[in-house]
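Q: One structure, as structure tokens, below. Some questions next.
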Amino acid sequence: MSTRFKVILLLSAVGLSVAGIARTQEPARAPSPEAGNDEAAIRQHLRGFVAAFNRGDARALAALYSEDGEAVDSEGETIQGRAALEAHYAERFAATTGQKLDAAIESLKFLAPGVAREIGTTHLIASDGKPEPAARYSAILVKRDGAWLLASVREAAEHTLSAHDHLKELEWLVGDWVEESSDSVVITSVAWTPDQSFLRRTYEVRISGKAEVSGFQIIGWDPLTNQFKSWLFDS
């Protein structure tokens, strides 16, 4: 196997170039039937969430999250895990009887197989029929045993989300990563830029102890296309 081919395989194996990021000049691809089915399932998931909320069913709401799912409100308060989420919703319904919810998806993108990002708006209506200010939310969903579940939901007051707000969904990439094989290693490091508007990824590929390829990647948010975008520079 040539050195160049081994390098390509190693870079593919790392899996840190963020599946789903738009590449400059990459032609659009027709969605697969499976993607269409997944999109329909996610939209049905939201309808189920709204229905469970409107009937005050805390257990059904919690079941729509993954086992370790989380919800983060606009103040930064975090509720982690199904049991805690069920208790939170039960307490909320007891304190605000008759409150109704409406929600709509603004954008839905698949970041990787079995991982999707959903952005939308919610509207709460008080028991007296008076609507409350609209809010935005951003959610990461994961597919578990054929069902889509909420892994993380973040709420925000109605405003235009900043680049940093959008990139928070990729914050799990931050840190140092190593991918090894019998004679090769890929070392990757991801960190925020000083203003936290971009993520910067650096990497180096070593084969038999010798550096073969190195480079860096900038990951950002494009407000014109409403999607992630990246720029990759290598040696």
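The values are calculated or read from the model by the stated rules, or taken from the named source; none is laboratory data. The structure displayed is predicted, hence computed values, not measured ones. So basically every Cβ, Gly included, is an ideal-geometry build from the backbone, and we count neighbours across all protein chains shown. For the accessible areas, the whole protein counts, side chains as well, though only heavy atoms, and no ligand, DNA or RNA atoms are used. Shrake-Rupley method; radii C 1.70, N 1.55, O 1.52, S 1.80 Å.
Q: Per residue of region 206-220, what does 6.51 cos²θ - 1.76 cosθ + 1.60 with θ = phi - 60° give for ³J(HN,Hα)? Whole Hz please, x for Gly and Pro, Karplus curve as stated.
A: Ordered by residue, 3J(HN,Hα) equals 10, 10, 6, x, 9, 5, 9, 9, 9, x, 8, 9, 10, 10, x Hz.
Q: Given R₀ = 25 Å, what would the calculated FRET efficiency be for residue 104 paired with residue 74, taking r from the Cβ atoms and rounding to 0.05?
A: Given R0 = 25 Å and the Cβ-Cβ separation, E is 0.90.
Q: Calculate the spin-label point distance for residue 229 paired with residue 197, positioning each point 7 Å from the Cα along the beta-carbon direction, and give it in nanometres.
A: Here the modelled spin labels are 1.3 nm apart.
Q: Between residue 37 and residue 204, what length comes free when the chain is fully extended (0.36 nm per residue of separation minus the Cα-Cα distance, one decimal in nm)?
A: 56.3 nm
Q: Give me the percent of accessible area attributable to carbon and sulfur for region 36-93, probe 1.4 angstrom.
A: On the way: 1460 of 3070 Å².
In region 36-93, the share of accessible area belonging to carbon and sulfur is 47 percent.
Q: Which pairs in the list 143/229; 109/143; 100/168 are over 20 Å apart, alpha-carbon to alpha-carbon? It would help to have the intermediate numbers written out before the result.
A: Working: 143/229 24 Å; 109/143 14 Å; 100/168 29 Å.
Over 20 Å apart, Cα to Cα: 143/229; 100/168.
Q: Just subtract the alpha-carbon distance of residue 51 and residue 145 from 0.36 nm times their residue separation and send over the number in nm, one decimal. Before the final figure, lay out the partial values.
A: Values: separation 94, 0.36 × 94 = 33.84 nm, distance 2.26 nm.
Working it through step by step, the gained length comes to 31.6 nm.
Q: Using r as the Cβ-Cβ distance of residue 189 and residue 164, and R0 as 25 Å, what FRET efficiency do you calculate, to the nearest 0.05? Show your work: numbers first, answer last.
A: Working: r = 19 Å, r/R0 = 0.77.
The value I calculate is 0.80.
Q: Given an 8 Å cut-off on Cα distances and at least 6 residues of separation, report the relative contact order of region 120-180 as a percent. Before the final figure, lay out each step's value.
A: On the way: 62 pairs, mean separation 14.0, N = 61.
Here the relative contact order equals 23 percent.
Q: Taking 0.36 nm per intervening residue step and subtracting the Cα-Cα distance, what contour gain separates residue 92 from residue 126 on full extension? Walk me through the numbers before you get to the answer.
A: Values: separation 34, 0.36 × 34 = 12.24 nm, distance 1.28 nm.
Length gained, residue 92 through residue 126: 11.0 nm.
Q: Let me make sure I get this right: for region 107-235, a, b and c are the square roots of the gyration tensor eigenvalues over alpha carbons, sorted descending. Under 1.5 in a/c it's rounded, otherwise prolate if a/b > b/c, else oblate. Which is it? List each step's numbers first, then the result.
A: On the way: a/c = 3.46, a/b = 2.10, b/c = 1.65.
Judged from the Cα gyration tensor, region 107-235 comes out prolate (a/c at least 1.5, a/b above b/c).
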